[in-house]
Amino acid sequence: MHSFIIASAALLLSYIFDIKFLEQALVAYILHLILDLITHKDYGPRFLWPISDKYTLRGVIQWDKKISIIIIYTLTAVIVLAKYMLLNY
């Protein structure tokens, strides 16, 4: 979770200073962190890790299951295609 806070602050700074390539990379990184929170059911990310190691979030699905991978890649493809279609029409 500490990564999410740092990445969000960096995203805000890149937005303020209008650094487009960094904005896109940070948005992708934040989406990756959110996906990690959702897909780690058996062993979750340590929530407040450098401060406390007591709390661990549990996701909805486990990423190494075949159905989970199919769902994740299908949703990713739909989102990328929708974005492409919306931006090019």
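Values as computed for the structure displayed
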{"quantity": "Tally of residues being more than 21 Å from Ser68 (Cα to Cα), surrounded by 11 or more Cβ atoms within 10 Å (Cβ to Cβ) and modelled with pLDDT of 80 or more across the stretch 7-53", "calculated": "16"}
{"quantity": "Filtered residue count, the stretch 58-89, keeping only those that are in a helix (DSSP H, G or I) and touching a residue at least 24 places away in the same chain (Cβ under 8 Å)", "calculated": "2"}
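The values are calculated or read from the model by the stated rules, or taken from the named source; none is laboratory data. The structure displayed is predicted, hence computed values, not measured ones. So basically every Cβ, Gly included, is an ideal-geometry build from the backbone, and we count neighbours across all protein chains shown.
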